[in-house]
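The next block holds one structure in the form of structure tokens; read it before the comments.
The values are calculated or read from the model by the stated rules, or taken from the named source; none is laboratory data. No experiment lies behind these values; they were computed from the predicted model shown. Every residue, glycine among them, receives a Cβ derived from its backbone with ideal geometry; neighbour counts consider all protein chains shown. Each accessible area value is taken on the protein alone, full model and side chains, heavy atoms only, with ligands, DNA and RNA left out. Shrake-Rupley method; radii C 1.70, N 1.55, O 1.52, S 1.80 Å.
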Amino acid sequence: MNDCLFYTFTKLMKHNNWKMKDLSIKAEIHSTELSKLFNNKKVLSLHYLDAITKAFELPEGAFYNEYVKLCFNERNLLDKRRSSAFIYQCAKYGFNSELSLILSVIIKEKSVAIRTRYLKNVFSIAEKLFIEGKEKEAAPLYEFIIEHMPNSINEEVAISYFRKFYLTRLTSEGNIVLERVLEYISYMPTKFQELTILWITATYYSLKQWDEVLIYAKRLEEIAKIKDHLGRALMYQAFALTRLGGSLEEVLSLIDKYEKINDYYADLAVGNRYVAFIDFGNINVVDSYYSWICNRDDVHVGIPRIIECYVKLGRLEDAEIFIEKYQVQIAQLSDTSNFHMKHLYMEYRYAVGLLKCKTNKLHEGLDALLNVASEVKNDKIYGDFQKCLLAIWDYRNFFDNELEGKYIRALS
């Protein structure tokens, strides 16, 4: 224990009129252990520091600034166990100034070999946080590794770029990071190469960039060792071909392939066949599709397509009943920051816009379609933008000045 912490703890004990035994009981640390800590016969661990902090009823991290000094051993090198626990705790709970302090020590280390060792340890901590679902907390550590690893051509940097891409893929930064990921993919272990191609494919799918989906889905099919990844590769190819002018036979052939992978994909194949028929114009299978999806947890995925089919079939009352029945799921679509759900909700609003136009609520319907057109245009989903404009064009004679202005702004 350093002199500052020893003095602070002694002062707090005196203020509380505590003896060593009282602190031992409050902190739930055996008196023998506590005695060793106070007599410098044992190094204070972060676990014990947190216990003592809690005993004094102080906020967690109250003594972290001083603990940085205890992360070093007698040779003035970072102790792996203590520094790892400290970096992990600081990153996880947002002690940013303390985290910056210890990371600054790492980059000041003159020995390249030692600095590399430190950074590999930071990478392990970042991976632990990421795997635990603390992705945002891990992000600054991955950034730190990318910026400061002496030899940037190694798997820790490559994986850090992949993790950064995963976290930024649907943001304005995503495309820039993607370029770096593709440069580093050959330095990744095989399993990460496969995972990277999967997420690149999934990202382009979310953005509805179908040319890129098809390219990377085929690449994923070639390298896939994991059955689930193979299934996704074939499924993404089928979705892409539907939008890129492939034939129904090609799409059904791909569905037949992934149907054989396992029970999960066999079940998906049933629904996706209905989707394929609908997307190729055979909307009369909508009731079969609805029967398949109605009791599934992912029923929200089918909501826009089913409403649109009902409208195109002239089953307007069925569409209104369906919307009323699935109000809870529709509300969930509208109340999310998830990129995929956001676009499902836009597809729902498009279908409702069509319904309103068909039921002579023309101003509401056209306004809804124009709003969706503007949003998908902003997101650069030009296929959906064109689809909105085609639907609006049928009702162009019903524009008032407000709708005319919106339409011109959408086209500009």
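Observations on the structure shown:
- Conditions (1) part of a helix (DSSP H, G or I); (2) open to solvent by less than 40 Å² (accessible area, probe 1.4 Å); (3) within 30 Å of K134 (Cβ to Cβ); number of the one not met by I29: (1)
- Selection within the stretch 245-260 - open to solvent by 60 Å² or more (accessible area, probe 1.4 Å) and farther than 15 Å from Y274 by Cα: G245, K257, K260
- Among helices (runs of 4 or more DSSP H) entirely within the stretch 138-226, having at least 2 residues that are surrounded by fewer than 16 Cβ atoms within 10 Å (Cβ to Cβ) singles out 174-184, 190-206, 210-223.
- For the stretch 95-137, a residue qualifies if it is open to solvent by less than 60 Å² (accessible area, probe 1.4 Å) and among the aliphatic types (A, V, I, L, M), and the qualifying residues are L99, I102, L103, V105, I106, I114, L119, V122, I125, A126, L129.
Condition check ((1) in a loop (DSSP other than H, G, I, E, B); (2) aromatic (F, W, Y); (3) open to solvent by 40 Å² or more (accessible area, probe 1.4 Å); (4) farther than 25 Å from S172 by Cα) across all residues:
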{"residue": "H343", "(1), (2), (3), (4)": "no, no, no, no"}
{"residue": "E347", "(1), (2), (3), (4)": "no, no, yes, no"}
{"residue": "E375", "(1), (2), (3), (4)": "no, no, yes, no"}
{"residue": "E402", "(1), (2), (3), (4)": "no, no, yes, yes"}
{"residue": "G405", "(1), (2), (3), (4)": "no, no, no, yes"}
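- Residue, least open to solvent (accessible area, probe 1.4 Å), within the stretch 261-291, restricted to residues that are touching a residue at least 12 places away in the same chain (Cβ under 8 Å) and outside any helix (DSSP H, G or I): I261
- A Cβ distance below 7 Å, combined with a sequence gap of six or more or placement on separate chains, defines the contacts here; from the stretch 226-240, residues that are at negative phi reach residues that are assigned to a helix (DSSP H, G or I) and among the aromatic types (F, W, Y) in the pairs G231/Y258; G231/Y265; L234/Y258; M235/Y258; Y236/Y205; F239/Y205; A240/W210.
- For the stretch 69-93, the candidate set comprises residues that are basic (K, R) and open to solvent by less than 90 Å² (accessible area, probe 1.4 Å); within that set, the residue that is nearest to I114 (Cα to Cα) is R82.
- Scanning the stretch 42-68 for residues that are more than 26 Å from E132 (Cβ to Cβ), touching a helix residue (DSSP H, G or I) at 6+ places or on another chain (Cβ under 8 Å) and either loosely packed, with under 15 Cβ neighbours inside 10 Å or modelled with pLDDT of 90 or more (or both) gives A55, F56.
- Filtering the stretch 297-320 to residues that are over 21 Å from C357 (Cβ atoms), in contact (Cβ under 8 Å) with a residue 12 or more places away in the chain and open to solvent by 50 Å² or more (accessible area, probe 1.4 Å) leaves only V301.
- The test for being closer than 20 Å to I283 by Cβ, β-branched (V, I, T) and either open to solvent by less than 40 Å² (accessible area, probe 1.4 Å) or under 34 Å from the mean Cα position of the chain (by Cα) (or both) holds for I323.
- Restricting attention to the stretch 70-80, the residues that are under 15 Å from I106 (Cβ atoms) and either of a type in the set (D, E) or not in a loop (DSSP other than H, G, I, E, B) (or both) add up to 5.
- Residue tally, condition in contact (Cβ under 8 Å) with a residue 24 or more places away in the chain and over 17 Å from V68 (Cβ atoms), over the stretch 29-57: 7
- A count restricted to the stretch 292-328 and to residues that are within 23 Å of L234 (Cβ to Cβ) and in a helix (DSSP H, G or I) stands at 5.
- When restricted to residues that are assigned to a helix (DSSP H, G or I) and under 14 Å from K54 (Cβ atoms), the stretch 11-21 contains 1.
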